[in-house]
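Worksheet for the structure shown next.
The values are calculated or read from the model by the stated rules, or taken from the named source; none is laboratory data. Everything quoted here is computed from the prediction, not taken from an experiment. Neighbour counts are summed over all protein chains in view; Cβ atoms, including those assigned to glycine, are modelled from backbone coordinates with ideal geometry. Surface areas here come from the heavy atoms of the whole protein model, side chains and all, with no ligands, DNA or RNA. Shrake-Rupley method; radii C 1.70, N 1.55, O 1.52, S 1.80 Å.
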Amino acid sequence: MGELIKGKAIAEKMKVQLKSQLLDLKREFPDATEEPNLRILSFDTPASKVYQRAQVAIAESLGIHTDAQEVSTTDSPSRWCPWDVTPEAIEAIIHEWNNNPKIHGIFVHQPLPPQISPQWISSLIDPNKDVEGIHPQNSARRFFAKSRIGSCTALACMELIKETGIDLEGKEAVVIGHSEIVGRPVTMLLLDALATTTICHVGTNKAGRLKEHVQRAEVLVVAAGKPKLIPGDWIKEGAVVIDVGINVVDGKVVGDVDFESAKAKSSWISPVPGGVGPVTVMIVMRNTLEAYRQQLNNAKVQNS
Ligand code: NAD
């Protein structure tokens, strides 16, 4: 019977570490007048509103300013970007944030309205302020295992795996999903840890070969966004299962793995909710502090 990988408890531990990291930064840069500042761009959807409120509360509790309420593309200030916002208006906001030295991190919530392409908006953000690790330059650094600021969800998956104590070297790892923000970056991180890594996607499913890959996975990361995609009887006995999926079924949030049956087969399993999600938010904060540190350091070098 699998032990739960408790994302909330991991997030609490990270919060303590981040508070102490911020104190260290204040000692390292005693002349810094600015507090770390994260700007969040959210569109007017129920999911984004819930996520942004949670993110703002955590940021403020760590001493990271958010100023989310100043985001506006209309005459009346609003916390949310209207769904029919133009690309030009978004470009102007990101441009202003990129050039504002008091802003250290930028985070854009998904889902995006159809007129805003995810690749386009990722490439607009200053790579030094990209706390989600989605700018092409940061994605490329990940390929060479040189990423300082990486994909939040992928890094969260690795924190959860670390909690199990498993040594990834030589293990069979299988990732379901090949998106730019989750599947691909987590594959790179598993490779960095010398796991033998297979990446599966819609094509694998169409070919009817998902089950055979899942069955040999010692570490399974599922990020497809399809409820109950993975039944428990596919899971290898003793596997570590990380469920990234967030789906709403009958008003309840569930993952991509059939939790109860998978728990019976696994050694460790992350629940949804309460698994990857809370740790992902904390990684955004860790990336924000890292962006803050780098920007303070750059300013110090320029002034010396
Ligand atoms: P996406 O839609 O961009 O990508 C989905 C991936 O799954 C694709 O690679 C696709 O080929 C694959 N896929 C879809 N259906 C499949 C099937 N039937 N069989 C095999 N592969 C299939 O999604 P995403 O942005 O990568 O997000 C994936 C899931 O993770 C979503 O549920 C999302 O809400 C969730 N998510 C959670 C967090 C978190 O912090 N917990 C963060 C980001 C995303």
Taking the condition within 14 Å of the ligand (Cβ to nearest atom), crowded, with 21+ Cβ neighbours inside 10 Å and touching a residue at least 12 places away in the same chain (Cβ under 8 Å), does ASN287 pass? yes
Pairing a residue in the range 47-58 that is over 16 Å from PRO273 (Cβ atoms) with any residue that is aromatic (Phe, Trp, Tyr), where Cβ atoms lie under 8 Å and the two sit 6 or more apart in sequence or on different chains, gives SER48/TRP80; LYS49/TRP80
Between LYS8, LYS26, LYS13, LYS19, which is part of a helix (DSSP H, G or I), under 26 Å from PRO111 (Cα atoms) and open to solvent by 80 Å² or more (accessible area, probe 1.4 Å)? LYS8
Name the single residue that is farthest from VAL131 (Cα to Cα) among those in the range 159-178 being part of a helix (DSSP H, G or I) and open to solvent by less than 40 Å² (accessible area, probe 1.4 Å). THR164
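Conditions (1) more than 12 Å from the chain's Cα centre (by Cα); (2) not β-branched (Val, Ile, Thr), marked per residue:
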{"position": "GLY255", "(1), (2)": "yes, yes"}
{"position": "ALA264", "(1), (2)": "yes, yes"}
{"position": "SER267", "(1), (2)": "yes, yes"}
{"position": "VAL272", "(1), (2)": "yes, no"}
{"position": "PRO278", "(1), (2)": "no, yes"}
{"position": "MET285", "(1), (2)": "no, yes"}
{"position": "THR288", "(1), (2)": "yes, no"}
{"position": "VAL301", "(1), (2)": "yes, no"}
Scanning for something touching a Gly at 6+ places or on another chain (Cβ under 9 Å), at pLDDT below 95 and within 11 Å of the ligand (Cβ to nearest atom), does the range 193-203 turn up at least one residue? no
Single condition VAL174 does not satisfy, out of (1) more than 7 Å from the ligand (Cβ to nearest atom); (2) among the hydrophobic types (A, V, I, L, M, F, W, C); (3) out of contact with any Ser or Thr (no Cβ under 9 Å at 6 or more places or on another chain): (3)
Can PRO127 be described as in a loop (DSSP other than H, G, I, E, B), away from the ligand (no atom under 16 Å from the Cβ) and over 22 Å from VAL175 (Cβ atoms)? yes
Is it true that ILE181 is surrounded by 18 or more Cβ atoms within 10 Å (Cβ to Cβ), at pLDDT below 95, within 9 Å of the ligand (Cβ to nearest atom) and in a loop (DSSP other than H, G, I, E, B)? yes
Of the listed residues (GLU212, GLU260), the one being within 16 Å of the ligand (Cβ to nearest atom), acidic (Asp, Glu) and at negative phi is GLU212
